[in-house]
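Engineer: Have a look at the structure that comes next, please.
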Amino acid sequence: MILESFPVGPFQCNCMIIACEETRTAIVIDPGGDAEKILSVLSKHQLQTTYLLHSHAHLDHIGATKPVHEKTKAKTCLHEDDMFLCEHVAAQAELFGLPNIDTPPMSQFLKDGDQISFGKESVQVLHTPGHTPGSLSFHIPGIGLMTGDTLFSGSIGRTDLWKGSYPTLMHSIKKSLLSFPDETQVYPGHGPSTTIGHERQQNPFLK
């Protein structure tokens, strides 16, 4: 499997490109900015992108979705409960003093338990609300968990933005994420990677 993870945009969101090495079929998780950088990595590996998956719809995770979609024609995917954020992305940009961005229509709404195939690989969709109502995490066997802004190394997602909920976030982490084995690799939406075991033992919010 091919795995590339790199920060994009002014908020340094971790964009992930994961591909089936045999078929060169790829998914992009959280194309949050720097579209040309994302497209360059896809081109370097000669990948055909089939899905753009979003952990949630804050602007730092969807900022480059439109240009990447227009170039790759990949399906755009999100949980339906975060559509209100897509529809008010201009207000998000204004709040942080950033230029307006536009998002394309969503091709598919994701829900808990969905399986998305790319080549001979697949990703499992986990609904992990709290940071936003439609926050998702993604699990790929052999790779690990992509937790978006739900769980970070040593921290958790903020819940003081639009429709965030601290009790809901903690329930998502304990019910969905901590059910994975300690050795499970975790790739958050920002910052360094970690493991479930390390967070279970060391994350101050989980004690």
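The values are calculated or read from the model by the stated rules, or taken from the named source; none is laboratory data. Just so we're clear, the structure is a prediction, and the values are computed from it rather than from any experiment. Reconstructed Cβ throughout: ideal geometry from the backbone, glycine too, with neighbour counts over all protein chains shown.
Engineer: Do you know which residues across the stretch 61-89 are part of a loop (DSSP other than H, G, I, E, B), over 15 Å from Asp102 (Cα atoms) and touching a residue at least 40 places away in the same chain (Cβ under 8 Å)?
Structural biologist: Selection gives Ala74 alone.
Engineer: Something else about it: Can you name the condition, by its number, that Val89 falls short on among (1) modelled with pLDDT under 95; (2) surrounded by 16 or more Cβ atoms within 10 Å (Cβ to Cβ); (3) closer than 30 Å to Gln201 by Cβ; (4) of a type in the set (A, V, I, L, M)?
Structural biologist: All conditions are met except number (3).
Engineer: So in the stretch 105-138, with the set limited to residues that are of a type in the set (Phe, Trp, Tyr) and more than 12 Å from the chain's Cα centre (by Cα), which one is nearest to Cys77 (Cα to Cα)?
Structural biologist: The extreme case among them is Phe109.
Engineer: Suppose we keep only residues that are more than 23 Å from Phe152 (Cβ to Cβ) and either in contact with a Ser or Thr (Cβ under 8 Å, 6 or more places away or on another chain) or modelled with pLDDT under 95 (or both) within the stretch 52-72. Which one would you say is surrounded by the most Cβ atoms within 10 Å (Cβ to Cβ)?
Structural biologist: Checked the stretch 52-72; the qualifying residue surrounded by the most Cβ atoms within 10 Å (Cβ to Cβ) is Val68.
Engineer: Which one is surrounded by the fewest Cβ atoms within 10 Å (Cβ to Cβ), of the residues in the stretch 140-186 that are closer than 14 Å to Asn203 by Cα and hydrophobic (A, V, I, L, M, F, W, C)?
Structural biologist: Going through the qualifying residues, I end up with Met170.
Engineer: Does the stretch 64-74 contain at least one residue that is within 17 Å of Pro188 (Cβ to Cβ) and either in contact with a strand residue (DSSP E or B) (Cβ under 8 Å, 6 or more places away or on another chain) or among the aromatic types (Phe, Trp, Tyr) (or both)?
Structural biologist: No: the stretch 64-74 contains no residue that is within 17 Å of Pro188 (Cβ to Cβ) and either in contact with a strand residue (DSSP E or B) (Cβ under 8 Å, 6 or more places away or on another chain) or among the aromatic types (Phe, Trp, Tyr) (or both).
Engineer: While we're looking at this one, here's another question. List the number of the failed condition for Gly197; all other conditions in (1) in a loop (DSSP other than H, G, I, E, B); (2) free of Cβ contacts under 8 Å to residues at least 60 places away in the same chain hold.
Structural biologist: (1)
Engineer: Consider only pairs whose beta carbons are under 7 Å apart and that are at least six residues apart or on different chains; among these, list those whose first residue lies in the stretch 111-138 and is surrounded by fewer than 18 Cβ atoms within 10 Å (Cβ to Cβ) and whose second residue is acidic (Asp, Glu).
Structural biologist: Note: pairs meeting the criteria are Lys120/Glu22.
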